[in-house]
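A.B. asks: Let me give you the structure first, and then I'll get to my questions.
The values are calculated or read from the model by the stated rules, or taken from the named source; none is laboratory data. This one's a predicted model, so the numbers in the text were calculated from it and none came from an experiment. All Cβ positions, glycine included, derive from the backbone under ideal geometry; neighbour counts span all protein chains shown.
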Amino acid sequence: MKTLKILSSVLFLGLLSVSLFGQERPPIIDMHMHTGMPHHVPEGTPALCRPEPCQGEGEATASSELLQKTLDIMDRYNIVKGFLSGVDLETVDQWKKAAPDRFIASPFIFKPGTPDSLQLKKDIAAGRFGGIGEIGAQLNGIAPNDLVLEPYFAMAEGFDVPLLIHTEGIGPYLPSFRSAAGSPLMLEDVLVRHPKLRIFVENTGYPYLDEMIAMMYQYPQLYGDISTITWVIPRTAFYDYLRALVRAGLGKRIMFGSDQMVWPEKIGEGIEAIEEADFLTEEQKRDILYNNAARFLKMKTNQ
Ligand SMILES: [Zn+2]
């Protein structure tokens with residue numbers, strides 16, 4: 001009897017959470033997910049934050065639990081698709097295998113040349129990967145117009161798959177990182193050479209607002225995500241940036257991404273930051289959380 005009672009309350013709680021957080025939530029697409037960080041981060045490490053001095057909220061999840069926690073949160077928020085990259089390609093394979101319909105698998109490119117472009121071509125043709133990037137070459141001080149990246153742009157355009165690049169003013173504290181190499185103006189050569197490339201820029205180039213508006217006005221194939229800035233920087237700074245992009249008329253080209261890395265709880269925080277933005281209409285929120293990405297990914301549905 002007691003077991004029955006426990007069972008029924010577990011069932012009730014389960015149903016409650018689905019109706020509160022699952023089925024009744026409209027679908028969301030997360031355009032910026034990772035299988036972890038390029039380097040090992042000890043369990044419990046506080047989340048990133050900017051600018052110093054600051055205290056990041058949340059503790060890093062152990063890598064053995066990261067996939068399951070991420071999937072649980074995707075269920076809770078009804079995230080139906082995630083653009084997923086990682087440096088360790090076997091881990092990317094494992095995540096994709098765990099939820100084949102949910103993840104668009106893609107290699108994280110930290111050092112140009114790895115993975116080798118010939119091998120990558122084969123992997124895309126074989127269906128192992130459905131995108132390229134995040135290209136994180138800026139973390140090594142390499143600007144997007146550096147010709148070492150050209151094979152990746154040509155390949156993404158040729159296969160008509162989405163490509164994510166870290167081109168912005170901020171990034172991890174690495175000795176080789178250069179803010180100047182993240183100016184969106186440096187994308188111009190790439191956009192001219194590849195008019196059909198489906199490319200999106202992390203954090204829509206934060207905080208290079210004017211440069212990013214110029215590039216997006218001039219090059220219709222360019223999209224941006226709002227990812228880490230939903231939780232790394234002060235909420236006021238995030239809202240100022242998002243409001244300015246939307247007021248500039250770019251609300252149809254901005255897509256949500258969590259950039260959760262080893263802090264999966266940030267997925268929900270990022271979604272809520274958008275839902276709580278009182279300067280956005282319900283339609284604009286749905287565009288950012290789903291519709292724009294669905295169009296960019298050439299998915300059929302629009303909700
Ligand atoms: Zn990222």
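A.B. asks: Is there a residue being among the hydroxyl-bearing types (Ser, Thr, Tyr) and touching a strand residue (DSSP E or B) at 6+ places or on another chain (Cβ under 6 Å) anywhere in segment 164-176?
C.D. replies: Initial filter on segment 164-176 (among the hydroxyl-bearing types (Ser, Thr, Tyr)): 167, 173, 176.
Filter again for touching a strand residue (DSSP E or B) at 6+ places or on another chain (Cβ under 6 Å), leaving 167.
Scanning segment 164-176, I find at least one residue that is among the hydroxyl-bearing types (Ser, Thr, Tyr) and touching a strand residue (DSSP E or B) at 6+ places or on another chain (Cβ under 6 Å), so the answer is yes.
A.B. asks: Do you know which residues across segment 30-46 are within 14 Å of the ligand (Cβ to nearest atom) and more than 16 Å from the chain's Cα centre (by Cα)? Outline the logic, then answer.
C.D. replies: Let us first name the residues in segment 30-46 that are within 14 Å of the ligand (Cβ to nearest atom), namely 30-39, 41.
Within segment 30-46, HIS39, VAL41 meet the criteria.
A.B. asks: Answer yes or no: is there a residue in segment 208-223 that is within 16 Å of the ligand (Cβ to nearest atom) and modelled with pLDDT of 95 or more. Step through it out loud before you land on a result.
C.D. replies: Our first condition is that a residue be within 16 Å of the ligand (Cβ to nearest atom); within segment 208-223, this holds for 223.
Okay, now just the ones that are also modelled with pLDDT of 95 or more, so 223.
Yes, some residue in segment 208-223 is within 16 Å of the ligand (Cβ to nearest atom) and modelled with pLDDT of 95 or more.
A.B. asks: Just checking, how many residues over segment 267-303 are assigned to a loop (DSSP other than H, G, I, E, B) and closer than 15 Å to ARG247 by Cα? Even if it seems obvious, please write down each step before you answer.
C.D. replies: First pass over segment 267-303, keeping only residues assigned to a loop (DSSP other than H, G, I, E, B): 276-281, 297-303.
Those still in the list that are closer than 15 Å to ARG247 by Cα too: 277-281.
Residues meeting the conditions: 5.
A.B. asks: Based on this model, can you work out whether VAL161 counts as away from the ligand (no atom under 16 Å from the Cβ) and either polar (S, T, N, Q) or not in a loop (DSSP other than H, G, I, E, B) (or both)? First the steps, then the outcome.
C.D. replies: Values: away from the ligand (no atom under 16 Å from the Cβ): yes; either polar (S, T, N, Q) or not in a loop (DSSP other than H, G, I, E, B) (or both): no.
Taking the combined requirement at face value, the residue does not satisfy it.
A.B. asks: I'm trying to understand the selection: among the residues of segment 106-128, which are more than 16 Å from the ligand (Cβ to nearest atom) and closer than 22 Å to MET31 by Cβ? Steps first, please.
C.D. replies: At the first step, the residues of segment 106-128 found to be more than 16 Å from the ligand (Cβ to nearest atom) are 112-128.
Listed by number, the residues that qualify are PRO115, LEU120, ASP123, ILE124, GLY127, ARG128.
A.B. asks: Restricting to segment 210-266, what's the tally of residues that are of a type outside the set (D, E, K, R), closer than 27 Å to MET74 by Cα and part of a loop (DSSP other than H, G, I, E, B)?
C.D. replies: Selection size over segment 210-266: 14.
A.B. asks: Could you tell me whether any residue of segment 158-167 is modelled with pLDDT of 95 or more, more than 20 Å from the chain's Cα centre (by Cα) and not charged (D, E, K, R)? Steps first, answer last, please.
C.D. replies: Initially, segment 158-167 is screened for residues modelled with pLDDT of 95 or more, giving 158-167.
If we keep only those that are more than 20 Å from the chain's Cα centre (by Cα) too, we end up with 158-159.
Now narrow it down to the ones that are not charged (D, E, K, R): 158-159.
Yes, because at least one residue in segment 158-167 is modelled with pLDDT of 95 or more, more than 20 Å from the chain's Cα centre (by Cα) and not charged (D, E, K, R).
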